[in-house]
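Scroll down for the structure; my scribbles are underneath it.
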């Protein structure tokens, strides 16, 4: 028959009927809308059939009016399964607890490996991991995801150029690349050193080549500083000139700063929510109360649930909602000038090489207009002005 699973859900029984007048008894059941199926004859005075558990409750009142006797041969379906399960609840509870224990242990951090770091850097990494809660014995659901851990380590430890973070089972693997790695020697073709900008030379260090300028000389862009042609006349040879020519250069910067600034900051109030993500369905499990923050920022981290070595299609989602508030910062005229100068310095440093030095700065023009301070600033910079220029055959000839 159709929809056997519905009958299984509500329970069904197999009934044996013996006696005289079995056909009349079956017709009575059908007329009273008791559903029966799989009717089988076993001789002339015995028949078996299946019926719903709810209908079987009313079966005996019809049997009393007949010459038949009833017996129940088999009971199956969800109600009987639940009854048997309750009788063996100890085994069921033990199985559930065992499964939960294995599930929990499969999502605990059991190992952390750091490779490629010097002892001092490795010590810093361990300290940062401890601050982030990445430690042996911690449940992975309460730890940031791999991308966040990688970003925080790179931001907080200056000695790191790059760190790779991989979660393999219950072990975190960190592969570290530190800064100041030895550079491979640069292979250079014959070249001169020329000025890349207008400057007054203040210092020189020539490792290879023939200097053609002196300290306090003023040079212009493209002017020859160190020649790559050395040796006596008629015996010249070409080399790759190498050195540093430090010159005093000049920059102008224009900067504007509002005297009143609005910005958002976190005030320390936050709310956490946890949920299970199964496919596209997200089921809340903790933190049902709706937040009352007017302005806020939401951060979500998801962690896949593991069972032994398998990754289940279920994730624990950790959602943090942080309240923001608007702050209005007002500078007076003196403060605004100092901050504007600092902004200009940072802008200049971003345009220069790392080893360049700001020697002096002078405010050329200062105005306060429409709630802003506007500055024109002149900077004196000490920087390496030399750049390589290949020596062509035409030049050497």
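Does the range 271-297 hold any residues that are in contact with a strand residue (DSSP E or B) (Cβ under 7 Å, 6 or more places away or on another chain) and free of Cβ contacts under 8 Å to residues at least 24 places away in the same chain, and which are they?
283, 284, 285, 286
List pairs: first in the range 48-68 and in the same structural domain as residue 37 (by TED's automatic domain parsing), second buried (at least 17 other Cβ atoms within 10 Å of the Cβ) and not in a strand (DSSP E or B), Cβ under 6 Å, 6+ apart or cross-chain?
Sorted first by the residue in the range 48-68, then by its partner, the pairs are 53/11; 55/34; 66/25; 68/25.
Please state which one of 207, 233 is outside any strand (DSSP E or B), assigned by TED's automatic domain parsing to the domain that holds residue 388 and without any contact (Cβ under 8 Å) to a residue 40 or more places away in the chain.
233
Is it the case that some residue within the range 191-202 is in a strand (DSSP E or B) and loosely packed, with under 12 Cβ neighbours inside 10 Å?
no
State which residue pairs qualify: first residue free of Cβ contacts under 8 Å to residues at least 60 places away in the same chain and inside the range 124-143, second residue assigned to a helix (DSSP H, G or I) and surrounded by 12 or more Cβ atoms within 10 Å (Cβ to Cβ) in any location, beta carbons under 6 Å apart, and separation of 6 or more residues or different chains.
Within 6 Å, the pairs are 128/153; 128/156.
Taking residue 154, is it out of contact with any helix residue (DSSP H, G or I) (no Cβ under 7 Å at 6 or more places or on another chain), part of a helix (DSSP H, G or I) and in contact (Cβ under 8 Å) with a residue 12 or more places away in the chain?
Against the criterion (out of contact with any helix residue (DSSP H, G or I) (no Cβ under 7 Å at 6 or more places or on another chain), part of a helix (DSSP H, G or I) and in contact (Cβ under 8 Å) with a residue 12 or more places away in the chain), residue 154 does not qualify.
Just one of (1) buried (at least 16 other Cβ atoms within 10 Å of the Cβ); (2) at pLDDT 80 or above trips up residue 66, so point out which.
(2)
Checking residue 270 against (1) over 30 Å from residue 363 (Cβ atoms); (2) over 39 Å from the mean Cα position of the chain (by Cα), which test does it fail?
Against the list (1) over 30 Å from residue 363 (Cβ atoms); (2) over 39 Å from the mean Cα position of the chain (by Cα), residue 270 comes up short only on (2).
Residue 75 passes all but one of (1) part of a strand (DSSP E or B); (2) under 17 Å from residue 176 (Cβ atoms); which number fails?
Tallying (1) part of a strand (DSSP E or B); (2) under 17 Å from residue 176 (Cβ atoms), residue 75 fails exactly one: (2).
Considering the range 288-335 alone, what residues qualify as being within 30 Å of residue 371 (Cβ to Cβ) and under 17 Å from the mean Cα position of the chain (by Cα)?
297 - this is the single residue of the range 288-335 that is within 30 Å of residue 371 (Cβ to Cβ) and under 17 Å from the mean Cα position of the chain (by Cα).
If I go through the range 43-54 residue by residue, how many of them are outside any loop (DSSP other than H, G, I, E, B) and closer than 14 Å to residue 25 by Cβ?
5
Residue-by-condition table, conditions (1) in contact (Cβ under 8 Å) with a residue 60 or more places away in the chain; (2) buried (at least 16 other Cβ atoms within 10 Å of the Cβ):
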| site | (1), (2) |
| --- | --- |
| 299 | no, no |
| 305 | yes, yes |
| 308 | yes, no |
| 316 | yes, yes |
| 327 | yes, no |
| 383 | yes, yes |
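Per-residue answers, yes or no, for (1) within 45 Å of the chain's Cα centre (by Cα); (2) at pLDDT 90 or above:
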| residue | (1), (2) |
| --- | --- |
| 231 | no, no |
| 239 | no, no |
| 253 | yes, yes |
| 264 | yes, no |
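For the range 368-377, does any single residue satisfy the condition of being out of contact with any strand residue (DSSP E or B) (no Cβ under 6 Å at 6 or more places or on another chain), outside any helix (DSSP H, G or I) and without any contact (Cβ under 8 Å) to a residue 24 or more places away in the chain?
The answer is yes, given that some residue of the range 368-377 is out of contact with any strand residue (DSSP E or B) (no Cβ under 6 Å at 6 or more places or on another chain), outside any helix (DSSP H, G or I) and without any contact (Cβ under 8 Å) to a residue 24 or more places away in the chain.
Return the pair list, or none, for Cβ contacts closer than 6 Å from residues in the range 101-123 that are under 17 Å from residue 175 (Cα atoms) to residues that are modelled with pLDDT under 85 and surrounded by 14 or more Cβ atoms within 10 Å (Cβ to Cβ), at least 6 apart or on different chains.
121/159; 121/178
Just one of the numbered conditions (1) part of a helix (DSSP H, G or I); (2) touching a residue at least 40 places away in the same chain (Cβ under 8 Å); (3) under 35 Å from the mean Cα position of the chain (by Cα) is not true of residue 147; which one?
Residue 147 satisfies all of (1) part of a helix (DSSP H, G or I); (2) touching a residue at least 40 places away in the same chain (Cβ under 8 Å); (3) under 35 Å from the mean Cα position of the chain (by Cα) except (2).
The values are calculated or read from the model by the stated rules, or taken from the named source; none is laboratory data. The shown structure was predicted, so the numbers you read here are calculated from the model rather than taken from an experiment. A quick note on method: Cβ atoms are made from the backbone with ideal geometry, for glycine too, and the neighbour counts reach across all protein chains shown.
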